[in-house]
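Colleague: Before I ask anything, here is the structure I am working with.
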Amino acid sequence: MTMYRKLLSFVLSLSLIPMLVTGFFSYYSFEKSLKNEILKKLEIIADLKVKKIESFFKERAGDAFVISKSIYLQNYFALITRYFYENNQIFFQQTREILDHQLGYYSEAYGYRDIMFVDQNGIVVYTTNLAHFKIEYGKHIPAMFEDVFEKSKTIISFSNVYRAPVSPQSFLMIVAAPVRNSQGMFIGEVFFEIDMKVVYNLVEDKTGLGKTGETLLGKKIDEGALFLNPIYHDPDAALKRIAKKGSGLPILKAVHGEIGSGIAFDYYGDEVIAAWRPIPMLNWGMVAKIDTEEAFETVYGMRNRILILLVISTFIVSYFIMQITRSIANPIVELTKTTKLLKEGDLSARAKVMSSDEIGELAKNFNDMVEKLTSISVSLKDAQRIAHIGNWEMDLQTHELNWSDELFKIFEFQKTIIPSNEIFLKQVHEDDKEFVKIIHTDSSILQTPYNIQYRLLFQDNRAKYVEEQCETIFKGGKPVRTIGIIHDITLQREAEHEILMLNRDLENRVVQRTQQLETANKELEAFSYSVSHDLRAPLRSITGFAELLKNKNIDNLDEKSQHYLNVISESTVQMGRLIDDILSFSRMSRTELMETKIDFSVLIQNVIKKLDNEVKDRKIIWKINPVPNSTGDMSMMELAMTNLISNAVKFTKNCPVAEIEIGSLNFGENSITGSVDHKLDNDKEITYYIKDNGVGFDMNYAGKLFGLFQRLHRQDEFPGTGVGLANVQRIIKRHGGRIWAESKPGAGTIFYFTLPNHQEGDG
Amino acid sequence: MIELKSILLVEDNPNDEELTLTGLAEYNLANDVHVVHDGEEALDFLLKRKNYVDRQNGNPAVILLDLKLPKIDGIEVLRVIRSDEKLKYTPVVILTSSKEEKDKLESYKLSVNAYVVKPVNFQDFIKAIKEVGIFWAIINEPPPGCLRKV
C-alpha cells in the first residue's frame, strides 16, 4: 500500500467515520421521535373519534331517554296502542298524524330513519317511516331485534348493526328505550332507527390522517372480529369481513378492549401505523391507521435528505482530504520516485523541494547527500575509466549480477545488456574459456578468492588481456555477496611484450658485442704475442751481432766506433724494456683479476725489500704508517705498489736525504695537505698515499701523468718508458678505485689511491 | 742419410739460429745440433717422415723449441711429442721471446722440461744458451733411446 493510500485511508476514516456515525445516530433519534410524535398524533385522533362516536351514541341514548320519559309520548303511545288494538281507524289515524307531526320533525332533525312504537308484545304499532309502515306495521318485530327488545324493557340499549332490508347499501342500528305509563308499568318500547351513514361519516373523516388514513369499526364475534363499516379496499366489508383470531390485526386487539398503537399490518397486508381503541359502550373496537409510507413520509424524506447531504458532504470532505493528503504525501512520493530513478542509475535525478517544512528539509538534505554520493561515484567511475578497471557484484540470494560502466566498456557491451555469466563467457577467448569456467565454478562452490589472467576475444579478432580478482563477502558466517574487479591489462601486456622483445634484442646485441669484443681481444692478444716475439727477435739480432762485431774487432775499433756499437746495444736494451712494459700494460688490461685478501703492510715491506738493490747506496728515511688491509689481485697490486714506491725512490735520487712516507687517510680526511679536489667517502673506500720529497711536478701537467708513454721528465734526468703510472692507474681502476696526485716542483709528490672498502661492506 | 744429432733446434729465424749456434759453439756443442726451420719439419724429423724417413733410430737428447713457428707452432709440436709413445719422454726446452703467462702455462701443462726466455741483451743470451746446452746435452741424463754426446 502506498504512503498516499495509507495516509488517505487514515485521514478519511478519522474524519468520515465520526461524521457518518453522528449523522446516523442523529437521524435515528430524530426518526424515532418523529415516529413517536406521529403515533401520538394518531392516538389522539383515534381517541377523538372514539369520543365522537360515543358522544353520538350517548346523544342518541339521551334522545331516546328524553322522548321515552315524556308524558306526551307516554300518553300517545298508550293511545295509539289502544287504537291499534281497538282497530279504531279514525282515532288511530288522528293520533298517528299528531305523532307523525311531532316525531317527523324530530326524526328529520336528528337523522333517524324511523321511530317505531313496539308494544309490550313486540308488535309494531307505530312507525314514522311510511315505507316501513307498510311492511312492519302491525307485525311482530323481526327476530334480529329480539335481543334489543328484551334488553330495552329495563334500560336503553342498542341493537346490532344491520342491513336495511329494502336498501342493502344502507346500514342501520336501533336504539331502544322502554316506555312506561303513568303508573310506571312497562307498556312498550320506542325504537329509533339510526342510519349508520352518520356514524360512518364520523369514522370516515380523514382529518389528521392523510390520504391513506382509515378508521375501522369492529365487533367481537366468536371467530374474531367482524368489520362494521365499509373499508377502502373492501367496500363490502361491513358485517361480512371477519378478522380472524390469531391474525394479529389491530382490530382484534381493539375488540378485546386493548388500548394501544404501533406499527402493524392491516387486513390488506400493508404496513401501517395504527392506534386501537375499544368502544365499551357498544362493545365495539376501533382502529385508526395510516400506511407507514405516508405516515413516515416526512421521516423518510428527511432521511433521504440527510443521506444526500451525507453523501455530498462525504464527497466534499473526501475531496479536501485527498487534496491535503496529496500535499503531504506528494513530496514523499516524489522523494520515493527520485530514489527509484537513482536506483536505476539516473544520477542526475534530484528530489523536488516543495515546501520549507521538515519534508522539504528532508528533500534538501537528501539532495545534498545524493550530490556527495554522486561525486564519489563519479570519482570512482573516473578512477575506473583511467585505470581500466571495472567491477562486478553478485547478490548470492537473488543472484542479481551488476557491472560497473567501465566493465561494460572492457567487455564492449552496450549498457542495455543485462549482465549475466553466459553473456560474459561469450567474450572470453575460446582457449581460455574452460579455465575461466573452472575457476568461477570452484570459487562459487568453495567461496575461495582468486586472481586470474585470461584473454577476451572480440568479433574483429581483437584480443584483450584482463586480470580478474574475486572475493566473497560473508555476513554472520554466511556468504552473501561475491565481488570482483576486472583489470584491462592489455597495454601492460603489450609493454611487457615490447620490453621482452627489447631485452631479447639487447641480449642478442650483447652476445654480438661480446663476440666482437672477444674477437678484438683475440686480435689484440695475437698482436701482443707477435710484438713480444717479432719485435724482440730483431732487437736480439741487432744487439747480438753488434756485440759479435765488437768482440771480433775489439782491437781494430777506435773509441768512436766502440761508442757507436755501445749506443746500438743500449738502445736495443731500452727498446726491449719498452716492449716489455707495453706487453705488461696490455696484460694488465686483459688478464682476469684473482681477488684475495691483501695484507698491505706485508706487501709494502716486500716491495721495499725488492728495491734493496736500487736503494743500497741511498739515504732514505722510510716512514711506514699502519695501513688497513684490502682485497685485490695480489700480483697486480704488487706491481702497482712497486711502480709507485720505485717512482718515489727514483724521483728523490737527487735529494741528499730522501723521505718517503706511506700510509692511509684517517676517517673523514680529504687529503694530508687539505686539498678538497677529491671527495672521499671513507665508508665505502680506503685511501692510501705515497708521499715523497722528490722533484715533484707542475700540476699543470697533472692530466698527462697517467697517460701511456707520457713522461714529465727528461730521459737523461729520470729514465723511464712512461708506462708505469699508466699501468698503476689501470690496475687501480680495475679494482674499482681511483688514483690522483698532488705535487709542486721541488716540493715532492703525494700519490693517493683508493680501494673499495669491502670489510666495511661486509660488516 | 741424415745422422742423428743430440740437440734438435727448431728455429725459423736465421739470425736467432746463428746466435744460438754461436752460443753453443763456445762449448763445442754446435756440431751436435740439427736445425729445422718450422714445426712441420720438426715433426717430420722426429717421426721420421718425408725427408727423414731414413733417419737413424733414436731421439735427440734435447729439443730446443721456439714457440712461434711457421706451419705448426711450438705448442702443437710439443703436444705431438708428449702424445707419441716413442717421443714423449724426450726433454723439450722452450726457447722463445715470449714472456706471456699463457705460453708458459700451456707449455708446462704439456710437461715441458724448461722454459727459457731469450734475453734481448747479447751477453745474457749467449750465457743462457750456453747453460741450456751444457745442462741438457751434457749434465742431464736423457731418458733411454736418446742420443747423447759422449
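Colleague: Return the Rg/Rh ratio of region A:501-591 with Cα-based radii and a Kirkwood Rh.
Modeller: Working: Rg = 22.3 Å, Rh = 16.4 Å.
Taking Rg over the Kirkwood Rh, I get 1.36.
Colleague: Continuing with the same structure: Could you work out the percent of alpha carbon pairs in region A:593-762 separated by over 28 Å, rounded to a whole number?
Modeller: The calculated P(r) of region A:593-762 puts 17 percent of pairs beyond 28 Å.
Colleague: Give A:K69/A:K240; A:K560/B:K99; A:K619/B:K118; B:K86/B:K109; A:K49/A:K139; A:K343/A:K433 a once-over and call out the pairs whose C-alpha atoms are over 31 Å from each other.
Modeller: A:K69/A:K240; A:K560/B:K99; A:K619/B:K118; A:K49/A:K139; A:K343/A:K433
Colleague: Just to confirm a number: summing +1 for Lys and Arg and -1 for Asp and Glu over residues other than B:S111 whose beta-carbon lies under 9 angstrom from that of B:S111, what do you get?
Modeller: Charge balance in the 9 Å sphere: +3.
Colleague: To check my understanding: the extent here is largest minus smallest coordinate of the Cα atoms along each principal axis. What are those three numbers for region A:444-526, in Å, largest first?
Modeller: Each principal axis gives a Cα extent; for region A:444-526 these are 81, 36, 17 Å.
Colleague: Further, regarding this structure: Can you give the angle from 0 to 90° between the axis of helix A:71-86 and the longest principal axis of chain A, with both taken from C-alpha atoms, to the nearest 10?
Modeller: 60
Colleague: Relative to the compact-globule scaling 2.2 N^0.38 Å, provide the ratio for the alpha-carbon radius of gyration of region B:7-139.
Modeller: 0.97
Colleague: Be a star and scan region A:81-123 for residues whose amide nitrogen sits under 19 Å from the point 7 Å along the Cα-to-Cβ vector of A:M185.
Modeller: Output list for this probe position: A:81-87, A:118-123.
Colleague: I'd like the projected area of region A:682-738, averaged over all directions, using the convex hull of its alpha carbons. Report it in nm² with one decimal.
Modeller: Quarter of the Cα hull surface area: 4.8 nm².
Colleague: If you don't mind, there's one more thing I want to ask. Along the Cα→Cβ direction, 7 angstrom out, place labels at A:S561 and A:E525. What is the inter-label distance in nm?
Modeller: Label at A:S561, label at A:E525, 4.9 nm between them.
Colleague: Which of the residue pairs A:K340/A:K464; A:K220/A:K289; B:K50/B:K88; A:K381/A:K478; A:K610/A:K650 have a Cα-Cα distance greater than 24 Å in the structure shown?
Modeller: Beyond 24 Å between Cα atoms: A:K340/A:K464; A:K381/A:K478.
Colleague: As an exercise, take the mean of 1/r over every pair of distinct alpha carbons in region A:315-388, invert it, and state the Kirkwood radius in angstroms.
Modeller: 14.1
Colleague: Between A:N121 and A:N36, with labels modelled 7 Å along Cα→Cβ, what's the label distance in nm to one decimal, could you check?
Modeller: Distance between the two pseudo-spin positions: 6.6 nm.
Colleague: Can you give the convex hull volume per residue for the Cα atoms of region B:1-64, as a whole number of Å³?
Modeller: On the way: hull volume 4.8 nm³, N = 64.
Hull volume normalised by residue count: 75 Å³.
Colleague: A further question on this structure: For peptide A:543-552, how many partner chain Cβ atoms fall within 10 Å of a residue's Cβ, on average?
Modeller: Numbers: counts 8, 14, 5, 1, 7, 5, 0, 1, 3, 0.
Taking all residues of A:543-552 together, the mean is 4.
Colleague: For the cross-link pairs A:K550/A:K704; A:K151/A:K197; A:K616/A:K733; A:K552/B:K68, which exceed 29 Å when the distance is taken from alpha carbon to alpha carbon?
Modeller: From A:K550/A:K704; A:K151/A:K197; A:K616/A:K733; A:K552/B:K68, over 29 Å: A:K550/A:K704; A:K616/A:K733; A:K552/B:K68.
Colleague: Sorted by average packing, counted as other Cβ atoms within 10 angstrom per residue and highest first, what order do A:24-34, A:405-415 take?
Modeller: Top of the packing list down: A:405-415, A:24-34.
Colleague: If you fit an axis through the alpha-carbon atoms of helix A:724-734 and take the longest principal axis of the Cα set of chain A, what angle between them do you get, 0 to 90°, nearest 10?
Modeller: On a 0 to 90 degree scale, this one is about 20.
Colleague: If you take every residue apart from A:F171 with its C-beta less than 9 Å away from the C-beta of A:F171, what net charge results, scoring Lys and Arg +1 and Asp and Glu -1? Numbers along the way, then the final one.
Modeller: Values: positive: A:R163, A:K197; negative: A:D195.
That works out to +1.
Colleague: Multiply the residue separation of A:E271 and A:K153 by 0.36 nm, subtract the distance between their alpha-carbon atoms, and state the gained length in nm to one decimal.
Modeller: Full extension of this stretch gives 37.9 nm more.
Colleague: While we're here: Would you mind giving the mean number of other chain beta-carbons within 10 Å of the Cβ of each residue in A:534-542, as a whole number?
Modeller: Working: counts 3, 2, 9, 11, 4, 3, 12, 8, 3.
Going residue by residue through A:534-542 and averaging, the value is 6.
Colleague: Next question. Under 15 Å from a point 7 Å along the Cα-to-Cβ line of B:K102: which residues of region B:44-80 have their amide N that close?
Modeller: In region B:44-80, the label zone of B:K102 (backbone N under 15 Å from the point 7 Å along Cα→Cβ) covers B:67-69, B:73-76.
Colleague: Here is a further query. Using r as the Cβ-Cβ distance of A:E258 and A:S26, and R0 as 51 Å, what FRET efficiency do you calculate, to the nearest 0.05?
Modeller: 0.90
Colleague: Could you give the length gained on full extension between A:S571 and A:E108, defined as 0.36 nm per residue of separation minus the Cα-Cα distance, in nm? Present the calculation step by step, with values, prior to reporting the outcome.
Modeller: Working: separation 463, 0.36 × 463 = 166.68 nm, distance 20.87 nm.
Taking 0.36 nm per residue and subtracting the Cα distance, the gain is 145.8 nm.
Colleague: Taking the Cα centre of the protein assembly as shown as the origin and placing charges on Cβ (Lys, Arg +1; Asp, Glu -1), which of B:W136, A:V370, B:F122 is farthest toward the positive end of the dipole?
Modeller: A:V370
Colleague: While we're here: Ratio of region A:358-490's C-alpha Rg to 2.2 N^0.38 Å, to two decimals?
Modeller: 1.23
Colleague: Please compute the average number of Cβ atoms from other chains found within 10 Å of each residue's Cβ in peptide B:19-26.
Modeller: 2
Colleague: Could you give the nm distance between label points at A:I386 and A:T416, where each point is 7 Å from its Cα heading toward the beta carbon?
Modeller: The modelled label-to-label distance comes out at 3.3 nm.
Colleague: Right, another one. Would you mind getting me the FRET efficiency between A:L502 and A:E344? Use the beta-carbon distance for r and R0 = 60 Å, nearest 0.05.
Modeller: According to the calculation, E is roughly 0.75.
Colleague: Using every pair of alpha-carbon atoms in region A:441-491, split the distances into 10 Å bins beginning at 0 and state the percent of pairs per bin, rounded to integers.
Modeller: Per 10 Å bin, starting at zero, the Cα-Cα P(r) for region A:441-491 comes out as 23, 40, 25, 10, 2 percent.
Colleague: Counting other C-beta atoms within 10 Å, which of A:T514, A:T652, A:T336, A:T482 has the fewest, and how do the rest follow? Mind showing how you got there, number by number?
Modeller: On the way: A:T514 11, A:T652 23, A:T336 15, A:T482 20.
Ascending Cβ contact count within 10 Å gives the list A:T514, A:T336, A:T482, A:T652.
Colleague: Mean 1/r over all different Cα pairs, inverted: what Kirkwood radius does the protein assembly as shown give, in Å? Walk me through the numbers before you get to the answer.
Modeller: On the way: mean 1/r = 0.0213 Å⁻¹.
That comes to 46.9 Å for the protein assembly as shown.
Colleague: Rounding to the nearest 10 and keeping the result within 0 to 90°, find how far the Cα-based axis of helix A:600-610 lies from the longest principal axis of chain A.
Modeller: Approximately 20 degrees, to the nearest ten.
Bear in mind that the values in this text are calculations on the coordinates, not laboratory data. Bear in mind the structure is a predicted one, so any value in this text is a computation, not a measurement. When we count neighbours, we look across all protein chains shown, and the Cβ atoms used for this are built from the backbone with ideal geometry, even at glycine.
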